1. Identify all residues within region 113-151 that are among the small types (Gly, Ala, Ser) and either closer than 22 Å to ASP183 by Cβ or at pLDDT below 95 (or both); write none if there are none.
2. Within region 165-190, track down each residue that is among the small types (Gly, Ala, Ser) and part of a helix (DSSP H, G or I).
3. What number of residues in region 139-166 are in contact with a Ser or Thr (Cβ under 9 Å, 6 or more places away or on another chain) and either under 14 Å from PHE66 (Cα atoms) or touching a residue at least 40 places away in the same chain (Cβ under 8 Å) (or both)?
4. Considering only region 47-57, state which residues are surrounded by fewer than 12 Cβ atoms within 10 Å (Cβ to Cβ) and in contact with a helix residue (DSSP H, G or I) (Cβ under 7 Å, 6 or more places away or on another chain).
5. Looking at GLU55, GLU88, GLU67, which one is part of a helix (DSSP H, G or I) and more than 28 Å from VAL168 (Cα to Cα)?
Amino acid sequence: MDLYSYVFRALVTEEALDKAGRTNKRALSDADFSKKFDQLGLNSMDENLVTSATESSTVYTAIHAFENTVRSFVTKMLQEDKGTDWWETSVKKDVRTRAENRRDIEQTIRWHSARGENLIDYTEFGDLISIIAGNWTLFEPHVTNIDWAKEIISTLEKSRNVIMHGGVLKETDSERVGMYIRDWLRQVGS
């Protein structure tokens, strides 16, 4: 399928979702999608590469949302249990130091968007497991098995890294991403 057919199908899908009563205000309108497409120079790039990237972007969206869901879960649980100083009292020094160093480096580049507002936003995906494991008695009732959680996070991190470094996941890997995310959400919640 050529790029323009793909984009047209995406626009038709967006319109159908809107007509069906979609309430997600953050979704791009047709005009916003076309503007972004032009703004980013996608019309000038190889169609096959853009199509491949567009397909990968759906998987990336799922992983991105999941990663930040886990961050929110960890923050909420620790904040409720340990209070506002949970970062200092409940996160290992090496994880805190890496996150603080990333934040400090980003702060020197003031012209660019920041990664986030909280230090947990500067952690690596795998660091979230370290934080959960370090506070296991708090997380055990929700997660129940740390090895299961490690497997999910490490596998999703592998898929995330493939996509973020220009690779394309095989269909079986994409299916695994969805399966692991659904399993986590059924077990832990959002």
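The values are calculated or read from the model by the stated rules, or taken from the named source; none is laboratory data. Just so it is clear, the model here is predicted, and its values are computed rather than measured. As a convention, Cβ positions derive from the backbone with ideal geometry for all residues, glycine included, and neighbour counts pool all protein chains shown.
1. Selection gives SER113, ALA114, GLY116, GLY126, SER130, ALA133, ALA149.
2. Scanning region 165-190 gives SER174, GLY178.
3. So the count comes out to 2.
4. Across region 47-57, there are no qualifying residues.
5. So the residue among GLU55, GLU88, GLU67 that is part of a helix (DSSP H, G or I) and more than 28 Å from VAL168 (Cα to Cα) is GLU88.
Yes/no per residue for (1) at pLDDT 90 or above; (2) surrounded by fewer than 13 Cβ atoms within 10 Å (Cβ to Cβ):
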{"residue": "ASP18", "(1), (2)": "no, no"}
{"residue": "ASN24", "(1), (2)": "no, yes"}
{"residue": "PHE33", "(1), (2)": "no, no"}
{"residue": "ASP38", "(1), (2)": "no, yes"}
{"residue": "MET45", "(1), (2)": "no, yes"}
{"residue": "VAL59", "(1), (2)": "yes, no"}
{"residue": "ARG71", "(1), (2)": "yes, no"}
{"residue": "VAL74", "(1), (2)": "yes, no"}
